[in-house]
Structure formats: C-alpha cells, structure tokens
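The values are calculated or read from the model by the stated rules, or taken from the named source; none is laboratory data. Being a predicted model, the structure only gives us computed values, none of them experimental. Please note: Cβ atoms are built from the backbone with ideal geometry, for glycine as well, and neighbour counts cover all protein chains shown. Calculation scope for accessible area: heavy atoms of the full protein, side chains included, ligands and nucleic acids excluded. Shrake-Rupley method; radii C 1.70, N 1.55, O 1.52, S 1.80 Å.
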Amino acid sequence: MPENGVMKGSLMSKAIFYITDKSLSLADRVKSIYPKINVIRYKSGIIREEWGRNKLLIFIMAAGIAVRAIAPFIKDKKTDPAVLVLDEDGKFVISLLSGHLGRANIFARELAGFLKAEVVITTASDVNSLTAIDLWAQDNNLTIEKWDIVPFISTRLLNNKNLKIYDEINIELPTEFIKAENPETADILITNKINLYDSKMTASRRLFLRPKNIVIGIGCNSGTTADELEAVIREVLQENNLSFLSISLLATLDKKASEAGLISFAKKYALEIKSFTAKEINALEGIEKSEAAFKATGAKAVAEPSAMLASKCKSLLFKKQKRGNVTVAAAETNAAFTANTENLIQKIKEGVMMSHKEKQICKSQSSLDIRGRIYIVGTGPGNIAHITPYAQNAIKESDYIVGYGTYLDLIPELTKGKSIVSTGMTEEIDRCKKAIELANEGRTVSVISGGDPGIYAMAGLVFELLSLKQSDDKNKADNSKTCIPYIEVIPGISALNACAARLGAPLMHDFASISLSDRLTPWEVIAKRLEAAVSSDFVIAIYNPKSRGRVEHIKAAVSIIQKYRNMRTPVGIVKKAMREGETIIITDLQHLLDHEIDMQTTIIIGNSQTFIWKGWIITPRGYRVSNT
C-alpha cells in the first residue's frame with residue numbers, strides 16, 4: 001500500500017458469490033444495477049483468487065459462511081474491499097466489512113434501495129448520523145497521519161457530538177466540526193506543517209490530516225536513484241517543517257521526467273510527474289538563472305520554476321536546496337485541496353459518477369481542464385420504475401436539470417431540490433445551449449429526454465452544438481479553444497420499445513422508425529423514406545403521427561403504406577405508453593384512421609408476415625416452429 005493511501009488498478013471491480021439456484025436468481029437481479037459485476041458460484045478457495053481483484057464482494061448466503069470465507073484475508077481498513085451479505089430472499093443487505101473507506105455502507109444503501117430491502121449498517125458514526133472521520137478525510141483528499149489515533153478521535157466525537165478543528169486550508173466542515181482558532185485546543189489539525197505548537201503537546205491524542213497541497217520541484221543529475229531522491233526530499237521537507245504526506249505532485253523539466261529513479265520514486269508513492277519545456281520555464285519572469293542548468297538543459301533553472309508552474313503560484317514555500325545529485329524546491333497549490341489526478345482522470349474516462357467533493361476538486365484542478373459534466377438522460381415513459389438506477393443516480397448527482405416541462409413533471413422524486421431549467425417543446429436548442437453554458441461554468445447538468453435520448457431526442461443536438469462551437473472557435477483570431485465538458489449519454493426505454501412491449505412482439509424482425517413531423521425534415525424526404533421502408537417489407541414504427549397543425553401527414557402516410565401492404569395487416573396504436581391515461585388499440589391497416597391519433601401516439605404497422613394471436617401482435621423471426 002503506498003504511503004499516501006492511493007490504491008492502484010481498477011476503480012471498482014465487483015464480484016458476487018452464490019450457492020443455490022435461488023441465490024443465482026437474486027444475483028442476476030443485482031447484475032441489473034451493477035452490469036459489469038462478475039457472478040461466481042461459491043466454492044472452496046475461490047475467495048483467495050478474487051480477494052485482490054475486486055473492491056466489492058457480495059455474498060448471497062449465510063453471514064457465517066461469508067465471515068469464515070473472508071477471515072484469512074482481512075488485513076486493515078485501508079486496503080480491505082467492501083463486503084456485503086444478502087439473504088436469498090433479498091430482504092436484508094448487510095454491510096459486513098469496510099463500511100467507510102471501502103464504501104460498503106454506500107453500496108449497501110444503494111443495493112437495498114434497488115431491492116426494496118432493509119439495510120443493516122452497524123458503524124457507530126452512521127448509526128448516530130455523525131461524520132465518519134476516515135471517510136470524510138478520504139473524500140477531501142486528506143491523508144491520515146496516524147491511523148491508531150482515529151479510534152480515539154471517533155470515540156470523542158461519539159461522546160461529545162462535536163470536534164474542534166484547526167484548519168489551514170479553509171475547507172468546508174460538517175456541522176459537528178467546530179473551527180478552533182488555536183491549534184493547541186484542536187482535536188483535528190488540517191495542515192501541511194509537521195509541528196504547530198509546543199513540542200510538549202505532541203504527545204496528546206490529536207489527529208493530523210495532511211492536505212495534498214505541496215508541489216515538489218526537482219532537478220537531478222542523470223542516473224540519480226529513487227532512494228537518493230526520497231532521502232533528499234524527506235530531509236529538506238523536515239528541515240522546513242513540512243509533511244512528506246502533503247506532496248501532491250512532482251514537477252521537473254521534460255528532459256528529466258524520463259529519469260528511471262524519478263519515475264520509480266513517483267510510482268512508489270502514486271505521485272504524478274508534471275513536466276515543462278525549457279521554453280515554458282524560460283518564459284517565467286523573476287527566475288534566477290543557473291549557468292550550469294542552462295548549459296546542460298537549455299533551461300534557466302529547473303526546481304524552482306517547475307514548482308511554480310505546476311502549482312500556479314508565484315511564490316515558493318522554500319527556495320531551491322541542493323543535496324548531492326538532487327535539487328529541491330517547493331510551492332503550495334492555490335486550491336484548498338487537490339485530488340489524486342490519476343484516479344480522477346480514470347474516473348472521467350470510465351464515466352464513473354463522482355461525489356460532490358470530487359467535482360469540487362475537478363474544478364480546482366486546472367491541469368485536468370475540466371469545466372463540468374453533461375449527462376444526457378433518457379427517462380423512458382417517465383415513471384420512475386422504468387428509469388434505470390444509473391440514470392436516476394445521474395439525475396440525483398447533477399447540479400442542474402434541463403428539460404421540457406412535461407417530462408420534468410413526470411419525475412418530481414428525482415428533481416426535488418435541484419436547480420431547474422425548463423422550456424417549451426420547440427425550444428430544444430435553447431435548452432441545450434443553456435446546458436453547455438452551465439457545464440462550462442463547472443456544473444454537472446442532466447439534460448432530460450423522454451424515451452431514449454439518442455432517438456429523435458436531445459443527444460444529437462448537444463453534440464451538434466458543441467461541434468459547431470468548436471468549429472467556429474477554430475476560426476477566431478485569438479486562437480481561443482473551446483472547452484469540451486465530459487459528456488455521457490444514458491439510455492432510456494424508447495417509445496417504440498414501450499409500445500412494442502404493450503402490443504406483444506411486433507418488432508421481432510427488421511423494422512424502421514419514421515417520424516412524420518416535418519418541422520425539421522421536409523415532407524418530401526419523409527415520404528421518400530417511408531416508401532422505401534414499406535416497399536422493403538419492414539415493420540414500420542411511426543413517431544409524431546399527427547398534431548393540431550399537421551393533420552394530413554398521417555393520411556398521406558397510410559396511402560403510401562396501402563400501396564404495398566394488405567389492408568388486413570395488423571396495426572398497433574399506443575397512446576401514452578406506460579403512463580397514466582395509456583390506451584392500446586389493436587386494429588388493421590384498413591381501419592387505422594378510424595381511431596384517435598395525436599402527438600403522444602406511436603403506431604406500429606406489421607410486415608407481410610405479422611399476425612394477431614389472442615390480442616397480441618407478433619412478427620415471426622423465422623424460427624422453424626412445429627407442433628410436434
């Protein structure tokens with residue numbers, strides 16, 4: 001385990017173990033909320049294989065079996081994975097191990113909510129609704145200096161219901177944490193300084209939390225070993241009363257970034273190496289020139305300017321100090337706290353939802369060049385029961401919700417307490433522009449689409465607006481760059497899926513979906529596409545068949561279809577699928593226009609093989625089915 005507590009490897013791989021067929025059925029349900037989880041039949045020796053591979057282990061079996069299975073592998077709370085236990089009926093979800101740092105309590109609540117089960121959590125801070133010190137420190141990228149003091153401080157919090165905090169970085173504190181002006185009176189000290197008060201006081205049980213806010217600028221000779229680098233850095237920090245645990249990153253000249261010793265040292269403590277060119281360094285004003293460094297590298301200096309550039313700070317905690325083959329300088333980052341850049345970038349790449357605190361960290365890390373997030377979320381028919389847990393989580397963790405008022409009215413449970421941007425049906429461009437604007441301000445935004453966001457909905461428009469803006473910016477004289485926020489499209493149940501489910505199995509073979517709305521597409525193009533699809537014997541799903549100002553298009557469409565289809569061809573007409581006021585009509589092509597049709601209606605017209613059986617519309621796939 002690295003000293004600063006950073007875990008390597010996959011962010012959150014998961015495994016679930018079952019024994020019986022009944023527990024396998026429950027495991028399959030759990031897989032719907034964690035799609036990438038590995039479902040494994042429990043057997044002797046399997047935990048030895050899976051323990052180091054996963055950060056979440058779920059056992060669907062007796063708690064005693066799980067306890068005996070994991071007992072030989074438990075080491076400490078900093079490295080143990082989260083462990084949950086479920087009964088076969090899915091009535092209880094027990095957070096068994098690593099409730100805080102491993103996030104077992106969070107997973108237990110999430111899973112219990114999905115299964116509508118009772119969650120069992122026994123950690124004292126959670127039971128008493130108090131802040132878990134270790135988890136709070138982790139969320140704020142604060143390193144705990146002495147873990148053996150944490151139990152004493154946690155007990156003090158449980159007994160007194162508050163703690164006194166001396167804070168040098170002005171971090172946001174929970175309500176039960178009271179700011180202390182004098183470090184000698186504090187229970188917890190948030191500082192990068194080793195000592196803050198009379199050395200006689202250091203024996204008392206006070207917890208030091210180290211913020212990651214020191215940038216180390218490094219110059220070194222070729223071939224300098226990792227051990228020498230570490231020894232010099234520790235020595236110089238000690239002399240300047242600064243904690244080694246507060247190092248956030250290493251900075252150097254690009255020509256030095258490939259030094260094997262530097263890479264090895266950085267890897268040992270999971271530190272990022274940020275490098276700069278000689279041109280970038282030489283452009284920095286006020287740097288004292290080193291003739292030796294300039295002759296060897298072309299840079300006026302290395303350690304001091306690298307620390308200043310990486311921290312974006314014009315002053316140093318201490319100036320360069322040379323010991324043997326190593327030159328060291330340090331600067332303090334302007335941000336109240338910094339994140340482990342490697343893990344945050346990995347989260348961004350994998351699309352893992354970040355906590356509110358991690359989003360704040362992203363905003364503070366200019367090196368990540370993140371301005372915000374846009375989730376383009378499909379809410380399906382609108383009923384919360386038909387919205388995926390992942391989509392629900394995206395909406396819940398967003399700062400702003402942007403969408404058409406009718407769709408937002410369907411999900412009040414998810415938008416409560418959020419900032420809402422709602423516009424009318426024909427104002428999609430304004431909605432998407434606002435979402436992009438908010439994301440560029442560092443906000444997390446959910447753009448809501450009924451159905452699926454990639455089918456006649458908002459996903460394409462968001463991407464189109466961003467691509468146009470980037471194209472326009474390329475032509476600007478000032479060469480300014482467009483900041484592209486993190487974007488994720490989260491699918492939902494589309495209208496054609498919902499309607500097909502209500503009708504039976506009409507889309508079992510090739511089909512085409514066509515919108516009859518000519519607001520964005522000329523009718524001539526719509527008619528051409530419709531004729532091509534129906535003449536090729538596709539099942540046809542028709543969106544936006546009729547509106548108050550557009551009553552003739554459905555008649556024209558039916559005329560085109562009737563040229564190629566038998567008048568007895570089965571037709572399904574579904575209005576408000578899976579919503580209040582739903583109506584389902586099964587008819588045929590001849591009588592399609594006899595029924596009420598509007599913009600909330602989706603029509604599915606069968607192909608030449610489609611048939612009706614016991615009130616269901618079925619389009620055969622082509623399997624060889626016999627009565628024998």
Taking the condition part of a loop (DSSP other than H, G, I, E, B), under 21 Å from I455 (Cα atoms) and either at pLDDT 95 or above or open to solvent by 40 Å² or more (accessible area, probe 1.4 Å) (or both), does R579 pass? yes
Would you mention how many residues in segment 410-456 are among the basic types (K, R) and closer than 29 Å to S517 by Cα? 3
For segment 103-122, state whether one or more residues are of a type in the set (S, T, Y) and closer than 18 Å to A63 by Cβ. yes
What tally of residues in segment 1-18 results from selecting those that are more than 23 Å from the chain's Cα centre (by Cα) and at pLDDT 95 or above? 2
Matching residues in segment 85-130 (at pLDDT below 85 and either open to solvent by less than 10 Å² (accessible area, probe 1.4 Å) or over 20 Å from the mean Cα position of the chain (by Cα) (or both)) number 7
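Here's the yes/no breakdown for (1) at positive phi; (2) touching a Lys or Arg at 6+ places or on another chain (Cβ under 8 Å); (3) modelled with pLDDT of 95 or more:
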position	(1), (2), (3)
Y486	no, yes, no
R529	no, no, yes
V534	no, yes, yes
F538	no, no, yes
G549	no, no, no
R568	no, no, yes
Scan L466, L461 and give me the residue that is at pLDDT below 90, surrounded by 14 or more Cβ atoms within 10 Å (Cβ to Cβ), of a type in the set (A, V, I, L, M, F, W, C) and outside any loop (DSSP other than H, G, I, E, B). L466
Please determine, by comparing only the residues of segment 509-537 that are of a type in the set (G, A, S) and not in a strand (DSSP E or B), which one is nearest to G549 (Cα to Cα). S517
Hits in segment 548-562 (condition: loosely packed, with under 15 Cβ neighbours inside 10 Å and not acidic (D, E)): R548, G549, V551, K555, A556, S559
Within segment 298-322, of all residues that are polar (S, T, N, Q) and open to solvent by less than 20 Å² (accessible area, probe 1.4 Å), the one nearest to S222 (Cα to Cα) is S306
For segment 408-432, which residues satisfy the criterion of being closer than 22 Å to K576 by Cβ, assigned to a helix (DSSP H, G or I) and open to solvent by less than 70 Å² (accessible area, probe 1.4 Å)? L408, L414, T415, E428
Are any residues in segment 204-235 at pLDDT 90 or above, of a type in the set (K, R), touching a strand residue (DSSP E or B) at 6+ places or on another chain (Cβ under 8 Å) and not in a strand (DSSP E or B), and if so, which ones? K212
Can you tell me how many residues in segment 30-54 are modelled with pLDDT under 90, within 19 Å of F107 (Cα to Cα) and open to solvent by 60 Å² or more (accessible area, probe 1.4 Å)? 6
Of the residues in segment 55-84 that are of a type in the set (K, R) and either buried (at least 18 other Cβ atoms within 10 Å of the Cβ) or touching an Asp or Glu at 6+ places or on another chain (Cβ under 9 Å) (or both), the one that is nearest to I16 (Cα to Cα) is K55
Among the residues of segment 485-527, the number that are without any contact (Cβ under 8 Å) to a residue 40 or more places away in the chain, over 17 Å from I605 (Cα atoms) and either basic (K, R) or touching a strand residue (DSSP E or B) at 6+ places or on another chain (Cβ under 8 Å) (or both) is 3
Residue hits (segment 418-434; farther than 14 Å from A459 by Cα, of a type in the set (A, V, I, L, M) and over 24 Å from the mean Cα position of the chain (by Cα)) are M425
I'm checking my understanding of the structure. Among residues of segment 271-283 that are within 29 Å of L245 (Cβ to Cβ) and in contact with a Lys or Arg (Cβ under 8 Å, 6 or more places away or on another chain), which one is surrounded by the fewest Cβ atoms within 10 Å (Cβ to Cβ)? S275
Taking interchain pairs and intrachain pairs at least six residues apart, which have beta carbon atoms under 6 angstrom, with the first residue in segment 372-388 and of a type in the set (G, A, S) and assigned to a loop (DSSP other than H, G, I, E, B) and the second at pLDDT 85 or above and surrounded by 24 or more Cβ atoms within 10 Å (Cβ to Cβ)? G372/A439
With the requirement that a residue be touching a Phe, Trp or Tyr at 6+ places or on another chain (Cβ under 8 Å) and buried (at least 20 other Cβ atoms within 10 Å of the Cβ), what does segment 145-164 give you? L163
E49 vs. criteria in contact with a strand residue (DSSP E or B) (Cβ under 7 Å, 6 or more places away or on another chain) and either within 26 Å of L130 (Cα to Cα) or of a type in the set (D, E) (or both): no
For segment 168-203, what are the residues that are at pLDDT below 90, charged (D, E, K, R) and under 30 Å from T122 (Cα atoms)? E172
Any chance segment 441-457 includes a residue that's assigned to a helix (DSSP H, G or I), crowded, with 17+ Cβ neighbours inside 10 Å and either at pLDDT 80 or above or among the polar types (S, T, N, Q) (or both)? no
What number of residues in segment 248-270 are of a type outside the set (S, T, Y), without any contact (Cβ under 8 Å) to a residue 60 or more places away in the chain and open to solvent by 50 Å² or more (accessible area, probe 1.4 Å)? 5
Which number in (1) surrounded by 12 or more Cβ atoms within 10 Å (Cβ to Cβ); (2) in contact (Cβ under 8 Å) with a residue 12 or more places away in the chain marks the one condition that S608 misses? (1)
One residue from A435, A394 being in a helix (DSSP H, G or I), in contact with a Ser or Thr (Cβ under 7 Å, 6 or more places away or on another chain) and in contact (Cβ under 8 Å) with a residue 60 or more places away in the chain: A394
When segment 376-402 is checked residue by residue, the ones that are at positive phi and open to solvent by 30 Å² or more (accessible area, probe 1.4 Å) are none
List every residue pair whose Cβ atoms lie under 6 Å apart, where the two residues are 6 or more positions apart in sequence or sit on different chains, the first residue falls within segment 227-241 and is within 15 Å of A331 (Cα to Cα), and the second residue, located anywhere, is open to solvent by 60 Å² or more (accessible area, probe 1.4 Å) and not in a helix (DSSP H, G or I). N241/K193
